[in-house]
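Student: Provided herewith is a single structure, encoded as structure tokens, for subsequent inquiry.
The values are calculated or read from the model by the stated rules, or taken from the named source; none is laboratory data. Here the structure is a predicted model, which is why all the values come from computation and not from measurement. Cβ sites come from the backbone with ideal geometry, for glycine too, and all protein chains shown count toward neighbours. Side chains included, ligands, DNA and RNA excluded: accessible areas come from the protein's heavy atoms. Shrake-Rupley method; radii C 1.70, N 1.55, O 1.52, S 1.80 Å.
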4 protein chains.
Amino acid sequence: MLGNTYGRMFRVTTCGESYGKALAAICDGVPPGLALCDADIQEELDKRRPGQSDIDSPRQETDQVQIFSGMRDGYTTGAPVGMIIYNVDTLPQHVKEYEDAKDLIRPGHAEYTYRIKYGDYVDWCGAGRASGRETAARVAAGAVAKKLLAREGIRVVAYVRQLMDITANVEEMSFEEREANSLKNEIFCPDLETAQKMIEFTRQVKEQGDTLGGVVEILTVGVPPGLGEPVFDKLSASLAKGLMSIPAVKGCEIGAGFGSTKMRGSECNDIPYMKDGKIRFRTNNSGGIDGGISNGEDIVVRIAVKPTSTISITQETVNMAILQDAELAAITRRDATICGRICAVAAAMTRITVLDHLMMWRGYDAVSGIEHKLGW
Amino acid sequence: MLGNTYGRMFRVTTCGESYGKALAAICDGVPPGLALCDADIQEELDKRRPGQSDIDSPRQETDQVQIFSGMRDGYTTGAPVGMIIYNVDTLPQHVKEYEDAKDLIRPGHAEYTYRIKYGDYVDWCGAGRASGRETAARVAAGAVAKKLLAREGIRVVAYVRQLMDITANVEEMSFEEREANSLKNEIFCPDLETAQKMIEFTRQVKEQGDTLGGVVEILTVGVPPGLGEPVFDKLSASLAKGLMSIPAVKGCEIGAGFGSTKMRGSECNDIPYMKDGKIRFRTNNSGGIDGGISNGEDIVVRIAVKPTSTISITQETVNMAILQDAELAAITRRDATICGRICAVAAAMTRITVLDHLMMWRGYDAVSGIEHKLGW
Amino acid sequence: MLGNTYGRMFRVTTCGESYGKALAAICDGVPPGLALCDADIQEELDKRRPGQSDIDSPRQETDQVQIFSGMRDGYTTGAPVGMIIYNVDTLPQHVKEYEDAKDLIRPGHAEYTYRIKYGDYVDWCGAGRASGRETAARVAAGAVAKKLLAREGIRVVAYVRQLMDITANVEEMSFEEREANSLKNEIFCPDLETAQKMIEFTRQVKEQGDTLGGVVEILTVGVPPGLGEPVFDKLSASLAKGLMSIPAVKGCEIGAGFGSTKMRGSECNDIPYMKDGKIRFRTNNSGGIDGGISNGEDIVVRIAVKPTSTISITQETVNMAILQDAELAAITRRDATICGRICAVAAAMTRITVLDHLMMWRGYDAVSGIEHKLGW
Amino acid sequence: MLGNTYGRMFRVTTCGESYGKALAAICDGVPPGLALCDADIQEELDKRRPGQSDIDSPRQETDQVQIFSGMRDGYTTGAPVGMIIYNVDTLPQHVKEYEDAKDLIRPGHAEYTYRIKYGDYVDWCGAGRASGRETAARVAAGAVAKKLLAREGIRVVAYVRQLMDITANVEEMSFEEREANSLKNEIFCPDLETAQKMIEFTRQVKEQGDTLGGVVEILTVGVPPGLGEPVFDKLSASLAKGLMSIPAVKGCEIGAGFGSTKMRGSECNDIPYMKDGKIRFRTNNSGGIDGGISNGEDIVVRIAVKPTSTISITQETVNMAILQDAELAAITRRDATICGRICAVAAAMTRITVLDHLMMWRGYDAVSGIEHKLGW
């Protein structure tokens, strides 16, 4: 496996599996002087922690994180910040269950592709590194990025925008409302009324043994105009990669996204105008990014989250050991939807990506000696 | 500007602007022994060349490419392949037009973000490096990847799937039909009847001074199961980055994509079964990628292309030099839609990305010594 | 701090400081199916562990390593291998000592450059990340590479070739002798008689409160011809970077190295000849690398290790807090020379670099389809 | 071939061979607003241009460079700067000579390793990409870096310090003298008297059909303290890689280098002291870099350049086509030593490396918000 490192300047490396001893993240590029403690990381981890509601997986992980490097007296030193989370709920009976079924492809999961790629040595327990559990390390790293971005006035919130056919109404809500409200329910939906409908519906579907997907929206505010390297490393392209690398994400759009394909140019173009000495735009179909570079408006990205693959309904499948058709029994320990829990991961990947671009730009800009005018 | 290099093993670096002297691409990682000539590159370049129909930009660029390194007697040598395309249609009257309007933001374009980022030294002529013209160099590099992938039996075709509300019906078409048909019309739509409707509609909208967007689908066949690095460098995430880095692309989805958010798990899961000794899937909602790794099915990706920003309708805007509201006159030299021409670029980025992953995997796999069984 | 990740395909990321909680290494690119256990890593760590002889630092670190990810039932799974080493000998009295002297530059150390770079938040304790202690994580990663290279028949040994003016005679020794003998004494010198002289001399110098440097030679055998990317990523250049990144290394040469500057071309050129159907060379002034690519001969690299900076003699210095000249008292806890302990680190960096190149080449070569003939 | 791109922030990609159509360099990361013209590049290229004296190769290349992208009205725009140099002295008779001898290994050259790696498709003409001719593209890129560093007050000069046993005396010379004097003679040695001896001796050796090597010293002044990423990407390690990637370089040392292995710690440690409010060092055994980070003193690096491999003396060799011992006739078109011409390349690689680190640090530092005090 390659590709366990992400970023160019703010660089995150992770390791760890669902039923391994521990997960870890190393953040390279953390500047000195940031006040940081385990609790800062824990706060974010708790947002994606399983076992907290009846629509999540019942797996009991405390997700206790320990920062073990890069610190002196409560402040970062500039050295890479290492964080480790030991797995605890890896009881033998669960391992046994996975071992018994290890040759059966669980439809929608990655058993087949991992088995092709890693052969008989693949980690068959709890999906191994393919498990959503690896994202705990991303969230830990994202918590470091969050604190750094806060100093620049950049904030990120992710929430469930749509669940199956139920769509939240958030247009009129401020960033603060979206953030505060999404923490008030287990589905991370800021439209509180709709959230109840979503939860209700999820419970129904769960009882039927089935699962749900939805759309998560990630809103980033406070990004100055100028972020993003405008050819291959566009801010939009970088965000797409970061977000599409999250398990279960099957699509990504920015601003009007796929909706813009049904607009004419005269409707889609965001018209600039002067406001309080700054250039602003009357609409935000661009999602805050023009030509791969942030334009000072809110950055709005949405991702498509597929329904959880693990269902409590018997499914046809293949036994990989004997290459024969087989049947997979219903599985009980599962999330009815991961839309809620994935919000913390989506916010983390967004923060890491934006911070990485901020550092790239600053390094580049500092040798230019040009003045950025235009009222900014 | 950073980020003009793409890929880890098959690595493409480009430079050049709309009204600069030339565009170039350097392909690193090209193996020795590939028969290659200028005409191989030209064939792909001609697919995105402007000035070929009344719905494209009237700019006359011959896009003559010259391979200037990495060759000996008609075969690649293993050294990096350098390719250069001199710009020809850069007449003073066009430069003058751009110069006169250089302080006005063209809505939907990147003048403002470039001006913020690069200051007064920004290349104001014809959008400079932000112009879609830079994609000619991508297409040249993609042509090299195309020939390499052909030896592995991997083929890519990109075509217009949807234009505004007009959707093509391609489900029943083979790869060969999609490829052959899409070359038969200027909108690159394999459903020939629908193609005519699209062209007709585009002409109407063009006469109204307006522009259109749409959805381009990229189909990749022949990819063996196993490609993709399953955490940050998932094949899906890498494709998303490559495709979202193309100008005007605002969204990307794989397989059922956003549609999967309206399915239940029991419906979305692709059921595996044995067929001719191989593991296959009854549906392809995954788009050929499970857990970030190819599963042997066709890889199906769609991108959202926004309507061309340049329109022949007067628009409100801002004059960046004096920071005042202004008006931008209608512009005549433009594409009514770029959906057709972008197909060659989307195919190129897909090829480069798939080849890069193939080389990564091969290098990794060659030190493992494991056998890949499972009938593959 | 950036740059805590090394390599392109076999990629090592480390973190941890001298007096932090723990050191860690994450190895990305480890193939599945490698039998690996903590003891494999421990064996290499023990070669650089302090406190084992009277010429080493008396710091008592057990350097107990725990592999916490990437494993299932004793074999690697393909997932990144995470390893952690908790620091134990970080008693408050030592911390106090460092705190009392934290504003004084210890001549030859990096206090000043770290303080300039990381400001007042720098980790002042035991040199923080600038301490040679960080190399424990490199050695852990190198132990993984060692096992992988062993399967390819590639072996590496590092030993002290010269200490001050005392030079070992190893020319006639086989790889096996050099390896076995260097483990027989605390200075890692395979010429056992000379080793005793070195140890004797080191003890004398230590009593005088002073320290010594020397030359470490790294011999790599079994590398097939063809490794190394021949422009910027020459095998020689990559080895130079890896080895010069080890603290205290001030020079690096390959083959005849600086000696070749005193030869004529007719003397320096290695003459090829046929031997047993293979192309071999009569001399090895090239050190096994021609044009940045391995030529099948032994790879011979030497590094210059400066005398340990920490001495038991009072030195003039500067107090950085008040920017005034000051005096630094003699320090007692120190290595009289690190030439011996650095051998394990040099071997580790060589292994990591060679493996990385092996994987790069294999990935590249696998898409070429050419035959490598020439009797190889 | 991989590895034709160098750097992380200021990133240089090159291509081109000895007898291909052209060489090119693309510089990514060039800021906007730098006044730049072909003549700026030409000035540096002329320093390594062949055919200018009787001790250089008689090949007549004008090395005319054309900047073809990244410019507008004489200033860089921020877009990548592309530069191309067409080869001119590639007459059929020379090609024929190379073709006739293409199966013979030229001792000291890379024919064998390239043939092993790239098979029968290798570029056999004039050493192809293994030729020193590829360094013209490095020099072109270095000229861009030179102008950017000049704005920061950072200057680099490279000169011949030693040729065989003849050593120049430069200790007392200022940077300006070294620079001015080294341009006064064809061997680039600032000690003018010694330069004459070197040239005289080179002529003698040339008449004997033989060649010479030597030591080139690279002096960098004006680097502020703080540059360099102190683990794997130490400034010293990065310089070592950049310099060791130059053809014919077999060793690299910084400051006292290998000489430090014969010093005691008390002698080798550079003693800091206060001078004019700044921390300075009484000696510079460190070569201006402590712990991988610049300390504000001059950065002094030396490289070992082996004698030119091409000699006018008949040599034994192997015919690779028939795998039999053979004889290689004397070759006449050659450099008697490349020590002089390599200076321009060494300076270029140093500049590119230092600029890259400057940009990395600035990007990192800009998010730290700390104050760098210590009188700097």
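Student: Which of (1) buried (at least 20 other Cβ atoms within 10 Å of the Cβ); (2) under 21 Å from C:Val221 (Cα atoms); (3) among the polar types (S, T, N, Q) is the odd one out, the single condition C:Thr135 does not satisfy?
Tutor: So C:Thr135 meets the others, but not (2).
Student: Still on this model: Would you be able to say whether some residue in the stretch C:42-50 is hydrophobic (A, V, I, L, M, F, W, C) and farther than 25 Å from C:Phe188 by Cβ?
Tutor: no
Student: Something else now. Residues of the stretch B:101-116 being of a type in the set (A, V, I, L, M, F, W, C), over 24 Å from the mean Cα position of the chain (by Cα) and outside any strand (DSSP E or B), which ones?
Tutor: B:Ala101, B:Ile105, B:Ile116
Student: Quick check, is A:Arg264 free of Cβ contacts under 8 Å to residues at least 60 places away in the same chain, of a type in the set (D, E, K, R) and at negative phi?
Tutor: In short, yes.
Student: For the stretch D:200-216, which positions are crowded, with 21+ Cβ neighbours inside 10 Å and either in contact with a Phe, Trp or Tyr (Cβ under 6 Å, 6 or more places away or on another chain) or part of a helix (DSSP H, G or I) (or both)?
Tutor: Matches in the stretch D:200-216: D:Thr202, D:Val205.
Student: So which residues in the stretch B:218-227 are in contact with a Phe, Trp or Tyr (Cβ under 8 Å, 6 or more places away or on another chain) and buried (at least 21 other Cβ atoms within 10 Å of the Cβ), if there are any at all?
Tutor: Listed by number, the residues that qualify are B:Leu219, B:Pro225, B:Gly226, B:Leu227.
Student: While we're looking at this one, here's another question. Which condition breaks for B:Asp120 when tested against (1) buried (at least 24 other Cβ atoms within 10 Å of the Cβ); (2) touching a Lys or Arg at 6+ places or on another chain (Cβ under 9 Å); (3) within 26 Å of B:Asp325 (Cα to Cα)?
Tutor: Tallying (1) buried (at least 24 other Cβ atoms within 10 Å of the Cβ); (2) touching a Lys or Arg at 6+ places or on another chain (Cβ under 9 Å); (3) within 26 Å of B:Asp325 (Cα to Cα), B:Asp120 fails exactly one: (1).
Student: I'd like the full set of residues that are open to solvent by 60 Å² or more (accessible area, probe 1.4 Å) and closer than 22 Å to D:Ala336 by Cα, limited to the stretch D:50-90.
Tutor: Listed by number, the residues that qualify are D:Gln52, D:Asp54, D:Pro58, D:Gln60, D:Thr62.
Student: Take the residues of the stretch B:248-262 that are farther than 15 Å from A:Val249 by Cβ and facing chain A (nearest Cβ under 7 Å): which is most open to solvent (accessible area, probe 1.4 Å)?
Tutor: Per the criteria, the residue is B:Lys262.
Student: (1) over 30 Å from C:Pro50 (Cβ atoms); (2) surrounded by fewer than 24 Cβ atoms within 10 Å (Cβ to Cβ); (3) charged (D, E, K, R): which one isn't true of C:Asp290, the others all being true?
Tutor: Going through (1) over 30 Å from C:Pro50 (Cβ atoms); (2) surrounded by fewer than 24 Cβ atoms within 10 Å (Cβ to Cβ); (3) charged (D, E, K, R) one by one, C:Asp290 breaks only (2).
Student: Still on this structure: Can you name every residue in the stretch A:180-199 that is touching a helix residue (DSSP H, G or I) at 6+ places or on another chain (Cβ under 7 Å), surrounded by 24 or more Cβ atoms within 10 Å (Cβ to Cβ) and of a type in the set (A, V, I, L, M)?
Tutor: Within the stretch A:180-199, just A:Ile187 meets the criteria.
Student: Right, here's the next one. Taking the criterion of being at pLDDT 95 or above, of a type in the set (Phe, Trp, Tyr) and more than 17 Å from the chain's Cα centre (by Cα), would at least one residue in the stretch A:176-199 satisfy it?
Tutor: For the stretch A:176-199, residues at pLDDT 95 or above, of a type in the set (Phe, Trp, Tyr) and more than 17 Å from the chain's Cα centre (by Cα): absent.
Student: Inside the stretch C:302-312, can you point out the residues that are in a strand (DSSP E or B) and open to solvent by less than 10 Å² (accessible area, probe 1.4 Å)?
Tutor: C:Ile303, C:Ala304, C:Val305
Student: Let me ask you something else. Limited to the stretch D:37-95, what total is found for residues that are of a type in the set (Gly, Ala, Ser) and more than 30 Å from B:Gly126 (Cβ to Cβ)?
Tutor: Of the residues in that region, 3 qualify.
Student: Mind telling me which of the residues A:Ala127, A:Ala150, A:Ala168 ends up being at negative phi and either within 14 Å of chain B (Cβ to nearest Cβ) or surrounded by 24 or more Cβ atoms within 10 Å (Cβ to Cβ) (or both)?
Tutor: A:Ala168
Student: Does the stretch A:341-353 contain at least one residue that is within 14 Å of chain D (Cβ to nearest Cβ) and within 30 Å of A:Ser53 (Cα to Cα)?
Tutor: yes
Student: When you look at C:Asp89, is it in contact with a helix residue (DSSP H, G or I) (Cβ under 9 Å, 6 or more places away or on another chain), of a type in the set (D, E, K, R) and under 30 Å from D:Ile289 (Cα atoms), yes or no?
Tutor: When the stated conditions are applied, C:Asp89 does not pass them.
Student: Sticking with this one: What is the residue count in the stretch B:263-278 for residues that are open to solvent by less than 30 Å² (accessible area, probe 1.4 Å) and out of contact with any helix residue (DSSP H, G or I) (no Cβ under 6 Å at 6 or more places or on another chain)?
Tutor: Residues that pass the stated criteria total 4.
Student: Of (1) surrounded by fewer than 21 Cβ atoms within 10 Å (Cβ to Cβ); (2) within 19 Å of D:Met320 (Cα to Cα); (3) without any contact (Cβ under 8 Å) to a residue 60 or more places away in the chain; (4) aliphatic (A, V, I, L, M), D:Ala101 satisfies all except one. Which?
Tutor: (3)
Student: Would you pick out the residues in the stretch A:351-371 that are open to solvent by 40 Å² or more (accessible area, probe 1.4 Å) and not small (Gly, Ala, Ser)?
Tutor: A:Arg362, A:Glu371
Student: Scan the stretch D:318-332 and tell me whether some residue there is among the β-branched types (Val, Ile, Thr), more than 25 Å from C:Met320 (Cβ to Cβ), without any contact (Cβ under 8 Å) to a residue 40 or more places away in the chain and surrounded by fewer than 23 Cβ atoms within 10 Å (Cβ to Cβ).
Tutor: Checked the stretch D:318-332: at least one residue is among the β-branched types (Val, Ile, Thr), more than 25 Å from C:Met320 (Cβ to Cβ), without any contact (Cβ under 8 Å) to a residue 40 or more places away in the chain and surrounded by fewer than 23 Cβ atoms within 10 Å (Cβ to Cβ).
Student: If I go through the stretch B:264-286 residue by residue, how many of them are at the interface with chain A (Cβ under 7 Å from one of its Cβ atoms) and farther than 19 Å from A:Asn319 by Cβ?
Tutor: 4
A quick yes/no check of all residues on (1) of a type outside the set (Lys, Arg); (2) touching a Ser or Thr at 6+ places or on another chain (Cβ under 9 Å):
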{"position": "C:Asp120", "(1), (2)": "yes, no"}
{"position": "C:Gly126", "(1), (2)": "yes, yes"}
{"position": "C:Gly132", "(1), (2)": "yes, yes"}
{"position": "C:Ala140", "(1), (2)": "yes, yes"}
{"position": "C:Arg151", "(1), (2)": "no, no"}
{"position": "C:Val160", "(1), (2)": "yes, yes"}
{"position": "C:Ala168", "(1), (2)": "yes, yes"}
{"position": "C:Met173", "(1), (2)": "yes, no"}
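Student: Moving on to the next point. Can you pull out every residue in the stretch C:117-166 that is assigned to a helix (DSSP H, G or I) and among the hydroxyl-bearing types (Ser, Thr, Tyr)?
Tutor: Answer for the stretch C:117-166, where residues must be assigned to a helix (DSSP H, G or I) and among the hydroxyl-bearing types (Ser, Thr, Tyr): C:Tyr118, C:Tyr121, C:Thr135.
Student: Between a residue in the stretch B:52-69 that is under 30 Å from B:Val81 (Cα atoms) and in contact (Cβ under 8 Å) with a residue 40 or more places away in the chain and any residue that is aliphatic (A, V, I, L, M) and assigned to a strand (DSSP E or B), which pairs come within a Cβ distance under 6 Å, given they are 6 or more apart or on different chains?
Tutor: B:Asp63/B:Ile85; B:Val65/B:Met83; B:Val65/B:Ile85
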